[in-house]
Amino acid sequence: AKDGGRGRLHFYSEELHAEAEARARLEEDLRDALAKGELQMHYQPVVSTSSEQITGFEALMRWQHPEKGWIEPQRFIQLAEDTGLIQPIGEWALRQACADVAQWPADVKVAVNVSPLQFANPQLPAIVANAIANAGIRASQLELEITESVFLSDIANTDAMFAALKKLGVRLALDDFGTGYSSLGYLKKAPFNRIKIDQSFVRGLTEPDSHNGAIITSITSLAQALGMETTAEGVETMDELDLIRHYGCSHVQGYIYERPLDREAALERLEQGLGA
Ligand code: C2E
Ligand code: CA
Ligand code: CA
Ligand code: CA
């Protein structure tokens, strides 16, 4: 029994070691990914529930690894944050998304995810201003998606950062609302234009005695009273879409309409419309 125990321990530590090595290798690859042009922004349509038109796209990062193929952000954004690579990668994402939105009709917006670590960088307003100016777009075409974790971390001057970004004229969205330590105070603290309702509230919406409907209704009525828009994320089925409309969300994003598309396909979608 003793031997078996030691064997298992040995096995686990070897497995952990292999995991650490794989992570180190991925980190090395990520360092080069930007320079090698392996990162891409894909775009998922955001659709108005009233007009059923595309009003914008959320920019979602993809990594085309030379050997491993497409890597999802869940596997590399955390790594980028742990290594500080999120700063140059996040800046590139902002620039790329602004350059792409410049090719779209002027009333179509792009939403870019901003890591709390980017939010903590005092250079962020200058980086954003620069990306907008270089692309020649209006600031109001750019929306920054920020999660409520920025309120929990010890970012020295959250209020000043929000004010500086707002002054640029960009729009602000509170992402993944309802997943963390959601506090209504956050809505008062920062000048958000949009609340994004996390897909965990959309899942299970169609199940009997789900409370999600009541929660979504109260979020949308609160948002409306505060003059904010609401996007329901991760809508996949017609039943979910019907309920989301019924509960008063102004916008929908999800596989029911479209998965994230590459730049060319997104432009095509805009030209052809959703029905195509
Ligand atoms: P998120 O900001 O909550 O983005 C929404 C995620 O939901 C995306 O996953 C999107 O592809 C997925 N999604 C959209 N519609 C549906 C649906 O109907 N069903 C399901 N099951 N999923 C749907 P993705 O692209 O894998 O991104 C995951 C997360 O990675 C994002 O979550 C965001 O937190 C982060 N991320 C992505 N791109 C960037 C980026 O450029 N910068 C930063 N900092 N984070 C990013
Ligand atoms: Ca997002
Ligand atoms: Ca989200
Ligand atoms: Ca998320």
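The values are calculated or read from the model by the stated rules, or taken from the named source; none is laboratory data. Just so it is clear, the structure is predicted and the values come from calculations on it, not from any experiment. Glycine gets a Cβ as well: all are built from the backbone with ideal geometry, and neighbour counts include every protein chain shown.
Some observations on this one:
- Residues of the stretch 197-221 classified as at pLDDT below 90, closer than 18 Å to SER250 by Cβ and small (Gly, Ala, Ser), total: 0
- Residues satisfying the stated conditions in the stretch 179-216, i.e. part of a loop (DSSP other than H, G, I, E, B), in contact (Cβ under 8 Å) with a residue 12 or more places away in the chain and not β-branched (Val, Ile, Thr): GLY180, TYR181, SER182, SER183, ALA190, PRO191, PHE192, ASN193, ASP198, ARG203, LEU205
- Positions within the stretch 233-272 being polar (S, T, N, Q) and either more than 17 Å from the chain's Cα centre (by Cα) or over 13 Å from PHE57 (Cα atoms) (or both), in sequence order: THR237, SER250, GLN272
- The one condition in (1) within 16 Å of ligand 4 (Cβ to nearest atom); (2) within 19 Å of LEU60 (Cβ to Cβ); (3) not in a strand (DSSP E or B) that ASP175 fails to fulfil: (3)
- The residues on offer are ALA106, ALA131, ALA126, ALA99, and the sole one that is farther than 23 Å from ALA24 by Cα, away from ligand 4 (no atom under 16 Å from the Cβ) and assigned to a loop (DSSP other than H, G, I, E, B) is ALA106.
- Of the residues making up the stretch 234-266, those that are buried (at least 18 other Cβ atoms within 10 Å of the Cβ), part of a loop (DSSP other than H, G, I, E, B) and β-branched (Val, Ile, Thr) number 1.
- Test: residue in the stretch 68-90 that is of a type outside the set (Asp, Glu), under 13 Å from the mean Cα position of the chain (by Cα) and more than 8 Å from ligand 1 (Cβ to nearest atom): no
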